[in-house]
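Student: A single structure is presented below for examination.
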Amino acid sequence: MTLPFVYRRAASADDALAQLAEPNALPMGGGTDLLVSIDEGIYAPGMIVDLRGVPASDNVELREDGSLRIGASARIEHLANHPLVRERYGALAEACSVVATPALREMGTLGGNLCQRPRCWYFRRGISCHKNGGDSCPAREGENQYLAILDGGPCYIVHPSDPAVALTALDAEVEIRSAKGDRVVAIEDFYVLPKERLDHETILRPGEVVTAVLLPAAAAGGVQRYHKLMQREAWDFALVSIAGCRRVNGDVRIVLGGVAPRPWRVNSSVEEDVSSGGLDDDTIETLAERAMYDAKPLSKNGYKVELAKALIRDVIREVG
């Protein structure tokens, strides 16, 4: 069988970047989403550059300043069980542990998971929509039960990554490289809304690739939680998920998944009130209502508002 693209296995970081600078070249980690996306017609690459052979690209390294650097080729299953990740960044370990199936966690990489494409039925099936070059969103009045209730429009996709939600709560940074140079961005700035960009969900430019995720020392330890609600009991994408962290210094972060085109951090005023502690049930209920004040559900996904509020209440009790 002749492949519709050239396959190259990069031997080094410089080799990978040089090949990714070629027109229509795409990076591959585990390939669990990329190859499906090619089969569905979302991508038509001229070259696939396999990054798994790049030396040390999957390293998990505790640095002198107490921060943690995770190579983008690190396997999701490896991170779910890695002692440093579990001890210092438990929300990330828990988020990794509920990604897809055990087999897919063994194959999938952190970089690939963060850059996977959304699961909207219309987009995936090639039906004309904003994300594949059309001029409308059929999901807005159609099958929208799994789509966004916050920050939607003109497209209402939700980002499917579990680790991205935890990493946002942990104030992670994303290390990006290309043949033209390197940059590091906060993960909150890594994802973009459809009103900012419709052709992709991240700030990545052609030829750029995620090489690592950086976790700050200030986010280590404390109380960290990750919860995920699914239609099935396991092996599914989140209807709604949540990461909640109370740092050693008392600062609180609460981030939702499954509700917006990118991980959605609740209003900072809610986090500040949670950090004060000693909250009774009525106050917790008020904070959950306030957190979801801006929700604008579509015709079939109003249930997500109630799921999100329930998760927020639970996390406030756990980290408050």
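Student: If a residue counts only when it is over 15 Å from the mean Cα position of the chain (by Cα) and farther than 17 Å from Glu94 by Cβ, which strands (runs of 3 or more DSSP E) contained entirely in the range 166-230 have at least 3 such residues?
Tutor: Result: 173-178, 181-186.
Student: So, one more: Just name the residue that is farthest from Gly90 (Cα to Cα) out of those in the range 236-255 that are outside any strand (DSSP E or B) and among the charged types (D, E, K, R).
Tutor: In this case the residue turns out to be Asp236.
Student: Also: Quick check, is Gly142 at pLDDT 95 or above and open to solvent by 10 Å² or more (accessible area, probe 1.4 Å)?
Tutor: yes
Student: Restricting the range 266-298 to residues that are in a loop (DSSP other than H, G, I, E, B) and aliphatic (A, V, I, L, M), which is surrounded by the most Cβ atoms within 10 Å (Cβ to Cβ)?
Tutor: Val266
Student: Could you tell me whether the range 135-153 includes any residue that is more than 30 Å from Tyr293 (Cβ to Cβ) and touching a Lys or Arg at 6+ places or on another chain (Cβ under 9 Å)?
Tutor: Among the residues of the range 135-153, not one is more than 30 Å from Tyr293 (Cβ to Cβ) and touching a Lys or Arg at 6+ places or on another chain (Cβ under 9 Å), which makes the answer no.
Student: Now for a different question. Filter the range 256-265 down to the residues that are in a loop (DSSP other than H, G, I, E, B) and surrounded by 24 or more Cβ atoms within 10 Å (Cβ to Cβ), then identify the one that is farthest from the chain's Cα centre (by Cα).
Tutor: Looking at residues that are in a loop (DSSP other than H, G, I, E, B) and surrounded by 24 or more Cβ atoms within 10 Å (Cβ to Cβ), I get Val259.
Student: Anything in the range 21-59 that is touching a Pro at 6+ places or on another chain (Cβ under 6 Å) and buried (at least 17 other Cβ atoms within 10 Å of the Cβ)? List them, or say none.
Tutor: Residues satisfying the conditions are Leu26, Val49, Leu51.
Student: If you don't mind, another one. For the range 150-163, does any single residue satisfy the condition of being in contact with a His (Cβ under 6 Å, 6 or more places away or on another chain), surrounded by fewer than 21 Cβ atoms within 10 Å (Cβ to Cβ) and without any contact (Cβ under 8 Å) to a residue 60 or more places away in the chain?
Tutor: Yes, there is a match, as at least one residue in the range 150-163 is in contact with a His (Cβ under 6 Å, 6 or more places away or on another chain), surrounded by fewer than 21 Cβ atoms within 10 Å (Cβ to Cβ) and without any contact (Cβ under 8 Å) to a residue 60 or more places away in the chain.
Student: Scan the range 78-104 residue by residue and report those that are over 22 Å from Ser57 (Cβ atoms), over 16 Å from the mean Cα position of the chain (by Cα) and open to solvent by 40 Å² or more (accessible area, probe 1.4 Å).
Tutor: Within the range 78-104, Glu87, Pro102 meet the criteria.
The values are calculated or read from the model by the stated rules, or taken from the named source; none is laboratory data. Note that this is a predicted model, so its numbers are computed, not measured. Cβ: placed from backbone, ideal geometry, glycine included. Neighbour counts: every protein chain shown. Remember, those area values only see protein heavy atoms, side chains included, never the ligands or the DNA or RNA. Shrake-Rupley method; radii C 1.70, N 1.55, O 1.52, S 1.80 Å.
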